[in-house]
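The values are calculated or read from the model by the stated rules, or taken from the named source; none is laboratory data. Please read these numbers as outputs of a predicted model, since none were measured by experiment. Every residue, glycine as well, gets a Cβ built from its backbone with ideal geometry; the counts of neighbours run over all protein chains shown. Just the protein is used for accessible areas: all its heavy atoms, side chains included, with ligands, DNA and RNA removed. Shrake-Rupley method; radii C 1.70, N 1.55, O 1.52, S 1.80 Å.
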Amino acid sequence: MSRLRLAVIGVGHLGKIHAKLAAGIPEIELVAVVDSRPEAREALAKETGARPVAHFRELIGEIDGAIVATPTVTHFDVASELIRAGVHVFVEKPITPTVREADELVQLARRRQIVLQVGHVERFNPALVSVQDRLQEPKFIEARRQSGYTFRSTDVGVIMDLMIHDIDATLSLVKSPVTSVDAVGISVLGDHEDMVSARLHFASGAVANLIASRASYAPARSMQVLTPTCFASIDFATRKSTIVEPRLDVLQRDFHVNELSDETRTHLRERLFEELLVKSEVPAVESNAIEQEQRDFAEAIRTGREPRVTGADGRDAVAVAELVLESVRQHQWDGANSRRVGHLASPMLPLPMVAAVDEWATDDTVILRRKAG
């Protein structure tokens, strides 16, 4: 079986990781690393044994697939040109900055019968993989993703940078259309939103609360999922998961607290998570999620099957991300007439002062409330 001839395009932080891992996978031949910066591509080429190339067009006809790890705003242009040239594409998340571009890219790959995979790496995280088959028909999901400010990916905000991971993971579990979104966010260090809290409502009745911050002193990558039969706590950072499964009589609503004797109550209180709500740690197979992404990409190309995270999956995540971003933009911080809207909670210019108007009680002696200007 011939090896997949691969190039990594963009050798920033993530591109370097991709290149180093791809160089060690037997079924992949890392042909080249591509970057406009000579020192960056040459240094990585020495480390991986690949050829340093200034532009990916030099490789057309020499590669079967490419990993696109360039800035988000360039994803569409780079990926679409590769697809038209017959090259299979793995594009880092988000697939594109907009749904319009994502739709076009997905349709182009389908017409050309090209594998288009999106780098939503948490789908390959052992913590999620180990429990996802037990999380049928989720009713409530809560996810928290926090990091310090890395000064990378500043061309997009925290929704496309970090929250997109949890949007994709949530969509993969719920499998139901999003019907409405409520969100609020603020900018801290740049021109984009850096902290966002979003609430997603699904046609199935499921609800998901997603919180993302890239200006936090306390890192976190976790998700809790409640289904009709169990509760799961997923820690993406430690790659460990915990499942809580209620006893059968609890699930069937045949457990009646008020009918228990004092002795039984004491016993169950001490052994609550051993007998009544049975808690267990779920063993996860140790693996490198990015390496597994690359192996999945190679296998999809070899066999013709769909990758685990398709271009359409990436498109759906961007569509929901756009809904979250629009809700953030529309948020009024001081009421309907406020100049402070969206993620810029603290405007550069002071707000105009408007004289307040009092509203008096019927006897003209007590102010009921002061009307906002």
Subject >> Share of carbon and sulfur in the accessible heavy-atom surface of the chain [1.4 Å probe, %] >> reply: 52
Subject >> Sequence ranges 294-300, 42-48, 170-176, ranked by mean other-Cβ count within 10 angstrom, highest first >> reply: 294-300, 170-176, 42-48
**OP:** State in Å² the accessible area per residue of segment 96-205; use a 1.4 Å probe, count heavy atoms of protein chains only, and round to the nearest integer.
**Re:** 43
Subject >> Exposure rank, largest accessible area first [V73, V158; 1.4 Å] >> reply: V73, V158
Subject >> Stokes-Einstein D in µm²/s, Kirkwood radius over Cα pairs - the chain at 4 °C with 1.567 mPa s viscosity >> reply: 55
Subject >> Where a label projected 7 Å from the Cα of A237 along Cα→Cβ would reach, residues of segment 143-183 with amide N under 15 Å >> reply: 143-150
Subject >> All lysines inside 28 Å of K20 as judged from Cα atoms, apart from same-chain residues fewer than 8 positions distant >> reply: K46, K93, K240
Original post:
For Q113, what charge total do you get from the other residues with a beta carbon under 15 Å from its beta carbon, if Lys and Arg give +1 and Asp and Glu give -1?
Top reply: +4
Original post:
What spacing in nm lies between the two simple spin-label points modelled at V285 and S338, each 7 Å away from Cα in the Cβ direction?
Top reply: 5.0
Subject >> Solvent-accessible heavy-atom area per residue, rounded to whole Å², over segment 276-320 at 1.4 Å >> reply: 48
**OP:** Return the distance in nm (one decimal) between the two label points of a simple spin-label model at Q113 and T179, each offset 7 Å from Cα along Cα→Cβ.
**Re:** 4.1
Original post:
At L251 and R3, where each label point lies 7 Å from the Cα along Cα→Cβ, what is the point-to-point distance in nanometres?
Top reply: 4.8
**OP:** Could you give the DSSP H helices of the chain that reach 24 angstrom or more along their long axis (alpha carbon positions) and whose average Kyte-Doolittle hydropathy is no lower than -0.5?
**Re:** 311-330
Original post:
Which value, in debye to the nearest 20, describes the size of the charge dipole of the chain about its Cα centre when Lys and Arg Cβ atoms bear +1, Asp and Glu Cβ atoms bear -1, and nothing else is charged?
Top reply: 720
Original post:
For segment 86-146, what is the charge dipole size about the Cα centre, in debye to the nearest 20, if Lys and Arg each add +1 at the Cβ and Asp and Glu each add -1 at the Cβ?
Top reply: 40
